[in-house]
Each structure stands twice: as structure tokens, then as C-alpha cells.
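What follows is a short report on a single structure.
The values are calculated or read from the model by the stated rules, or taken from the named source; none is laboratory data. Keep in mind that this is a model prediction, so the values were computed, not measured. When we count neighbours, we look across all protein chains shown, and the Cβ atoms used for this are built from the backbone with ideal geometry, even at glycine. Protein only, heavy atoms only, side chains kept; ligands, DNA and RNA dropped before computing areas. Shrake-Rupley method; radii C 1.70, N 1.55, O 1.52, S 1.80 Å.
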There are 2 protein chains.
Amino acid sequence: MNIGTASEKSGLPPKTIRYYEEIGLLKADRAGNGYRDYSMTDVHRLRFLQRSRSLGFSVEECRQLLSLYGDKKRESADVKAIAQIKVAEIDRKIAELASLRDMLSHLIDHCNGDERPDCPIIDGLAGSATVQ
Amino acid sequence: MNIGTASEKSGLPPKTIRYYEEIGLLKADRAGNGYRDYSMTDVHRLRFLQRSRSLGFSVEECRQLLSLYGDKKRESADVKAIAQIKVAEIDRKIAELASLRDMLSHLIDHCNGDERPDCPIIDGLAGSATVQ
DNA sequence: GATAATCCTTCCAGTTGCTGGAAGGTCAAG
DNA sequence: CTTGACCTTCCAGCAACTGGAAGGATTATC
């Protein structure tokens, strides 16, 4: 499929897909006319990139995560170790998102009577402030 | 407190804190010697910025979220509406992180016998591919 | 078959969000 | 009173896109 279709299916703009190719994240086949040609596997990888980028992982982290699956030469123990670190990181991110969510929910609940609390950011974040 | 202390307490590098001031996200008081002077409220806001940035929210989104609390002139109904949109977005992010987590857990579990599955990215992400 | 619209290509410049380093002022410890 | 760890501003560079120009390919319409 062409880049436009891959873009629709993955949620990434064509510009970004070309950029990812440029930096070696995902190389595409070429059709006879010079157009990039994407498979469904490519689309899944692009979708994976779209997701993990939007969740705050760097391009280098995404490259590492993609290579966990793609690199046949890599030791399984190695893969396992890296994956475990990332799972811990994801758990932390989930906890932080839950905390942000609670903070906003609190704001929503206390907006009913047109009386906004003065500083819920302090209440909402005091629990995990002062971390390294 | 000085910027170094605020940096430690918030988890943001001093450079980043100065940058946020430059773009008008958070203005600090100045001590007699010209040093920036931060209150605990400032630290909470910085910590909030550190968090939401690392979770994939843009600086403009963070500015909007901060203003939900800070802007006294804003209608409460307005604040509530924006907060609700953001809560929905956070829920989506949590679900996506959970899905990434499952994907990596699956990889970890199937690494024991040095037999790595060929393409778990497809299994792990097929559920939510093909979204606009 | 010509033409127009809509793709696709590359290339280069601009934006966002930091990040490093230089040059110099301030402050607390010995 | 000097040494070292702060702080200041300014300017340059990097990461990760994003927009636009110039031109070729494909598809749709006349």
C-alpha cells in the first residue's frame, strides 16, 4: 500500500513516516514507480511507533523496543531484561496518569457550584512531589 | 528557594525551568541578588509540568491545564468542560499503556525457552490498529 | 488523448522543546 | 580572600517533527 494509506491506518502523518525512514526506524519497500510500499506488518510497526511516541517514549526507546522483536541475533535473556525495565517504566507512567486523572476529576467535581478550589494542584501532586 | 533546589524537588533541570519561564509557563520571583526565588506552590506547578510533559502532553496542553487552576476569571463550566476532555484523553493513554505493557509481558513470558515469538507486535497491537 | 486533481517523490527551511557551553556575577566555607 | 559551587544571560546546537516548493506518477473527467 502507498504511504497515504499507511498514514491513515497508523495515525502517523506521511511526513513523519518518511522522517522515521530517514532516521532508520522503519525502511519501506519501493514499488516500480519509486513509491514507498507498505505491508500490514509495517502498518503495525507504525501504529506501535505512533502509540509509544504519544505516551512519552523517545525515538531511541522506540527503536530499542522495536528491535526486541526484530533483531533475531539478540539474546533472549537480554530481550527479557530490557522488556522488564520497560514494563516497570510503563507501570510508573500509568500510576502518574491515574494521579493526573484524579486531580482533574477532583476539579470537575468541585466545579458544580461555581466555586473552584484555590489550589488543587498542590493537593493533587503533593503525594509524589520531592522525588529525586 | 533557589532554582537548584526547585530543580531537585520538581525533577526538572534548571535549564528547563528557565526555558518554561522564557515561554511564559511559570514566572518566578526574584531575590535581591537577581536569583530566581521559588515557593512550594511553584515547585508543585513545576512537578506538574514534569509529569504531564513526560506523559506526552504538549507544552500548550500543559499551559491550558495549569490555567484551569490559575485563571480566576475563567468560567467554572468552561474549566469543567476542558477538564472532562482531558480526563477522557488520560483514560485513553492509560488504556494504551496497559496494552503496551501486556505486549511486553507477553514477550517476557515467552522468552524463557530461548524461543522468541516471531511477531508479537502484530498480536499486541492488532486490536487497535486501523483507527483513523 | 488532453487536462486537472490528487497522489507521490526529494530537498530545504522553520518550529518546538529543550540542552550544552561560554562569560561573568554571587555566596558560603576554609 | 580565594576557591568552588552556585547563579545570571546569551547564543548555539540537537531532537523530532512540520510546512512548502518543485516536479513526477496515477486516476478521473471531458
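Simple spin-label estimate for B:Asp29 and B:Gln64 gives 3.2 nm between the two label positions (7 Å along the Cα-to-Cβ direction from each Cα). Axis-proximal residue of chain B for the rotation onto chain A, reported as residue and distance in whole Å: B:Gly56, 2, based on Cβ position. Our summary gives segment A:1-95 a relative contact order of 24 percent, counting only alpha carbon pairs under 8 angstrom and 6 or more residues apart. Using a cut-off of 31 Å between Cα atoms, the listed pairs A:Lys27/B:Lys86; B:Lys9/B:Lys93; A:Lys86/B:Lys86; A:Lys80/B:Lys9 include A:Lys27/B:Lys86; A:Lys80/B:Lys9 as exceeding that distance.
In the context of the full protein assembly, A:His44 retains an accessible surface of approximately 20 Å², using a probe radius of 1.4 Å and ignoring ligands and nucleic acids. Proximity of backbone amide H atoms, modeled 1.01 Å from N, is registered between A:Asp37 and A:Asp29, A:Arg30, A:Ala31 at under 5 Å, excluding neighbours fewer than 5 places apart on the same chain. Counting only other chain Cβ atoms within 10 Å of each residue's Cβ, the peptide A:8-21 averages 1.
Take each residue of peptide B:61-70, count the partner chain Cβ atoms within 10 Å of its Cβ, and average: the result is 3.
Report the local net charge at B:Tyr38: Lys and Arg +1, Asp and Glu -1, summed over other residues whose C-beta lies under 14 Å from its C-beta.
Details: positive: B:Lys9, B:Arg18, B:Lys27, B:Arg30, B:Arg36, B:Arg45, B:Arg47; negative: B:Glu8, B:Glu21, B:Asp29, B:Asp37, B:Asp42.
Cβ neighbours under 14 Å give a net charge of +2.
Once the C-beta distance of A:Ser54 and B:Asp109 is scaled by a Förster radius of 22 Å, the resulting FRET efficiency is 0.25 to the nearest 0.05. For A:Glu22, the distances from its label point to the matching points in the remaining copies are 2.3 nm, ordered from shortest, with each point set 7 Å beyond Cα toward Cβ. Taken residue by residue and averaged, Cβ atoms of other chains lying within 10 Å of the Cβ of B:29-38 number 0.
Packing, as the average of other Cβ atoms within 10 Å across residues, places the peptides A:11-24, A:77-90, B:47-60 in the order B:47-60, A:77-90, A:11-24, highest first.
For segment A:1-58, a simple Cβ point-charge model (Lys and Arg +1, Asp and Glu -1, everything else neutral) yields a dipole of about 160 debye relative to the Cα centre.
Segment A:44-58 and segment B:1-72 have Cα centres lying 27 Å from one another.
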